[in-house]
Structure formats: structure tokens, C-alpha cells
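Visitor: Dropping a structure here in C-alpha cells format, bear with me for questions.
Please treat every number below as a calculation from the coordinates, not as lab data. Here the structure is a predicted model, which is why all the values come from computation and not from measurement. Virtual Cβ from ideal backbone geometry, glycine too; neighbours counted across all protein chains shown.
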Amino acid sequence: MELAGTLRRSYARFALAVQNASRRRWPLVLIAMLGLLHVAVARGSTDGWARALFLAHLGLVLMWQPFFSGSRRIGPAQTVGIALVGAVVSFRFDAWLLAFWIVVLAGLMGGMVFLHRARWQRRAYLAVLVYLLALLAVLVLPQMAPGAALAPELRTAAAYGLPLLLALPALFPVEAERADAPQAIDFFYSVFLMLALGMVVLGSFTLMALWRLGYLEALTATVFLVAATLFLVVLAWDPAGGSDGLALFFARYLLSIGVPIERWLRFLAELARVETRPERFLAEAVGALARMPWIAGARWEAGGVQGEVGERTPHRLGHTAEDLRLELYSRYRPGPALASHLALLGRLLAGFYGAKLRERELQQASYLQAVHETAAGLAHDVKNLLQSLKTLCAAVEKEGEDPRLLALVRRQLPEISQRLATTLAALERPAQESAPEIAASEWWSALRRRCAADGISFAAGEIALHARLPGALFDTVAENLIANALAKRLREPAVSIRVALATDGQARLRVCDSGSAIPAATAAALFRAPLPSAAGLGIGLYHSARLAAAHGYALALATNRDGEVCFELAPARDQGSVPAAIMRP
């Protein structure tokens, strides 16, 4: 027992040392592994030491192999497999076994040549591949076929000269950042190379038996025949002249799985167009997905809601993205291609579901924005009405029982009451933007009476008797523009304010002041969004512009320069037509 424990610990230390050496310089294990193989082949399959050396070679192959991690513990099944391999080698060690093993190693090395990006690794594996092919052709195959023995001088030269190829991988410069990179094998190229070598070996023996050729002649003829066959396959795969080749049929075969997927994608696109509720969209899409021929059932959970269709099987594929958890149950064990297709479908479904969630959020945000803008605009109208009431109250407190003041109050209170009723009606029916039109002369007289005490210059041409205008729109726009101009007068006392009205055709209103120009950045953002400003030019102008657009009008900054800042309300395609003579003070 103590001896067994000592041997086990010694082997573990040796394996760890070899593994560390391989991490520092990976060709060491590879060179040692191939060196043992070369000595075993050179001694011949009938030599007892060759069998022992080959077993040691297999032990180094276990340390070098790229399929399993070196730190992985070997289970009972792997132990039994290794024991069976050792028993086969011990009792059935001959040239055919050596040839088969060298073909397998050559396939593995060839599969590594195409995957490594580092130039030194590709060259190293290519040198090893050349060595294995030479070892197979010169030292192994002649032992298998009767009458195929080579000249002793050639065999001796190969036995002592081929190991020089093993020194090449150790001489190549190793990149430090790639020395510890995990090895990878292209399975397709490896299998293809093994099959090609098998064709060369068996074809050589066939030509030797049928045509009575020598070994070298049969080997050369087989190599050229295989090369010609591969050349014809390449031409048939992608023929010149733009005609279809085997590549097209192979692609159709691989993509034949996509026909049901295309139908589901068309259904998904149509469902995304007509269904706006995310939960309902997800349930319908998963139901259609479960009707595919490979899927037995599906289960989903999103937004606190879950559902299930079909039946569950042991072959489950899960997909989780954001708020969606999707599980697909295949009717049979899915291969890599089918698993990748189903994973892609899960990602597509998650993307469509996320888009539906964002669409609902945008709808809610648009609704809240509309409510906010409507409330803000109506609040601005109420503020203007409150300002008019404050002005009347201040006049009453100052003038007392003046008959002229009482007459003014009698005229203003009905107008304020009417405007307040209009505002309340708009609050009750926010979607109704239209308002009854009133006579332009009547509106103009009422505006002049309301602003008579503000020191504003009013100018208008001859107002036609039949001219009418939307009173609610003009009231809102005129009061906003005049309030902003009065606020500017508080900052710049010398500012004069002029209001003009023209009624040739449709009514047009212009409000100008002689103050400083509006900054370019502020002017560019006017009417596009509410502007944060304690002195005006904020939600009032934004709401006025939206209200004007609803009535077929447009509110614009007609002139913006120091001494003349003019806003104009005119029909949407008739701005800038207020006569200049009217604007003179």
C-alpha cells in the first residue's frame, strides 16, 4: 500500500511538472510525445520495447490532448477506456495499428493548422504534419505490404533524419500572449484529412495488388489520383461561368430547416403590425412557434404573466432576455444546428417583445405629454384671465365709484366670463380644437378696450364688415404676445409696443416691440418646445403655436433685430403680408 501511494504521488508530481512545462513551452510535450512514437516505429512492431514506448507515448498524448482540460478529474468510465486502450496496444500491436494511429494524429494536426492565428503555431503544426506523413510513408507502410520494403539506406536515413523535423517547433519563436491559449481543432478538416490519408494508403495497396506496381510507384499514382479527384470536386463545388454547383445544393440542404422558420417570421411580422398589446403578442407568437415540426411545447414568462402551450419533453432549450423567459421543448435531442436556430428564434422573439414594450411606453408618454401640454396651455389662459381680473380689481380699489370705471367693468366682466367659459369647455373637451369665429371688428375693439391702459399703439387698416376670425385663437395669441412685450418693457423701460391687424382675405395679427433682439439660440427653439423662462417666451408661445396650427394658422417670429422684434399670426401659407404702412407708429 505504501509503495502504491508513493508511486501515485510520484506520478502526480511528474504529471504536474510536465503540465507546467507545457504551459511555459507547449512544444516540449509534443516533441516528447512524437519522439517516443518515432522510436517505437523505428524499432518495429515486433519489438517488445516498441510496445512499451508506444504506451508511454499514449500517456503523453493524454497530457497533450486538446479535448479535455488537464485539471479535469478522470472518472470511472474514462479509466475503463484508458485500460482498454492499453490492453489493445499490449496484445494487438502491429503496423496496421501504428498506421491507423499516425493517420489519426495527422488529422488532428491538420485540423489545428487552419484555426490558429499565430504564425509560429501554424508553422509548428505544419512541420509536425509533414513529419507524420513522412513517417507513415517511409517507415510504417512498407512494413504492412509484402514486397514493399525500401532500401536499407533510405530507411536508415529516415530513422535518423526525420527527428530533425521535430526540432523545428522548438526553434520557432513563441508569442508570450498566445503560449497559454487553449488549443482548438477544426473537426471537419481533421476528418477530411484522415479520409484522404486512408484513401492514399488503401489505394496504394490496391494498385500494388491489381497492377503489380512497386510501392513507390503505387504510392505516387495514388497521390496523383486523389489530387485529381479533389480537383474535380472543387470544380463541381464552385464551377466557373456563374453556373450552380454542389455548394448551392449543399447550402439548400443545410438551410432546408429554414422553411418553417420563414413562415413563422412572416407570421411574426404580421402579428407585430396588428397586435399592440405585448402580452397578447407574446402569447400568439409562442403559440405559432410551438406549431413547428421540431417543437413539442413552449413555456414563457414575462411581465408577471406566464403561459404554456404543448407538452414538455426532456430536451429543453432556455432563453432569457430582459423581462422575458422562454423555454422550448424539442421532440428529440437537438443537434448543434437546430439548437442555434432555436436560440436565434428566441432572440428574435425577445427583440420583438421588447419593441412592443417600448411602443407601449411611448404611447403612454405621448398621452401624458398631450395631457400636460393641454393642461399647461389652459393654465396659461386662466392665468391671463386672472391677470385681467386683478387689473379690474386694482382699478376699482383706486378709482372707487367713478362712472367710467363702472362702465369699463360692465364691458370687461362679460368678456372675461365668456373667455372663462370657453377655457372650461376646452378643459372638458381637450380634443376639440375648433372654436366659433367672431367678427374681426368686434374682436379688435374688445382687444383695444382691454389694453387701453397699457400704453400700446394699435394700428389697423380698414376692417371689412364681413371679416371674421377665430376669437379663442386670436385672444390666446394676442394676450401671450402682449404679456411678453409688457414683461420686456419692465426690463427695458423705453420699449414701445405696437399691435397691427389686417383683414384683407383672412385675418393676420402682428405684435412688435422696439426692444432688444431675442438671442439666436432662444429664437431657434421658439414654438418647438416649452422654454424654461421666468419672464415669458415659454409654454405660452408653444401652446399658441400648436393652437394656431390646429386652426390652419402659423405663429412665427417675423423680425428679430434690435429695435424691431415682431411676432406674426397669419394663415399657414400667407405669412409676412401685413402691410408695412400699418406698422408705422
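Visitor: Do you know the relative contact order of segment 437-583, to the nearest whole percent, from alpha carbon pairs under 8 angstrom that are 6+ apart?
Guide: 24
Visitor: Quick query: amide H of Gly563 versus all other amide H atoms, modeled in the peptide plane; which residues come in under 5 Å with a sequence gap of 5 or more or a different chain?
Guide: Gly515, Ser516, Ala517
Visitor: Under the 0.36 nm per residue contour assumption, what length would be gained going from the current alpha-carbon distance of Leu232 and Val191 to full extension?
Guide: Numbers: separation 41, 0.36 × 41 = 14.76 nm, distance 1.96 nm.
Contour length minus Cα-Cα distance gives 12.8 nm.
Visitor: If we restrict to alpha carbons, what Rg and Dmax does segment 437-510 come to, in Å?
Guide: Expressed in Å, the Cα Rg and Dmax of segment 437-510 come to 12.6, 40.
Visitor: Where does the Debye-calculated log10 I(q)/I(0) of segment 437-583 sit at q = 0.12, 0.17, 0.19 Å⁻¹, using only Cα point scatterers of equal weight, no solvent?
Guide: -0.44, -0.94, -1.20
Visitor: When you count, for each residue, the other Cβ atoms within 10 Å and take the mean per peptide, how do 312-319, 275-282 rank with the highest first?
Guide: Numbers: 312-319: 14.1, 275-282: 17.2.
Top to bottom by mean Cβ count within 10 Å: 275-282, 312-319.
Visitor: Still on this structure, please answer the following. Between Ala151 and Thr206, what length comes free when the chain is fully extended (0.36 nm per residue of separation minus the Cα-Cα distance, one decimal in nm)? Don't jump to the answer; show the numbers that get you there.
Guide: Values: separation 55, 0.36 × 55 = 19.80 nm, distance 2.18 nm.
That pair, Ala151 and Thr206, stretches by 17.6 nm at full extension.
Visitor: Shifting gears a bit: Over all pairs of distinct alpha carbons, what does the Kirkwood formula give as the hydrodynamic radius of segment 254-361, in Å?
Guide: Numbers: mean 1/r = 0.0719 Å⁻¹.
With all distinct Cα pairs of segment 254-361 included, I get 13.9 Å.
Visitor: When you count, for each residue, the other Cβ atoms within 10 Å and take the mean per peptide, how do 288-298, 461-471 rank with the highest first? Mind showing how you got there, number by number?
Guide: Details: 288-298: 18.5, 461-471: 16.1.
Output ranking for 288-298, 461-471: 288-298, 461-471.
Visitor: Work out the FRET efficiency for Ala339 and Glu359 from their Cβ-Cβ distance, taking R0 = 30 Å, and round it to the nearest 0.05.
Guide: On the way: r = 31 Å, r/R0 = 1.02.
Result of the calculation: an efficiency of 0.45.
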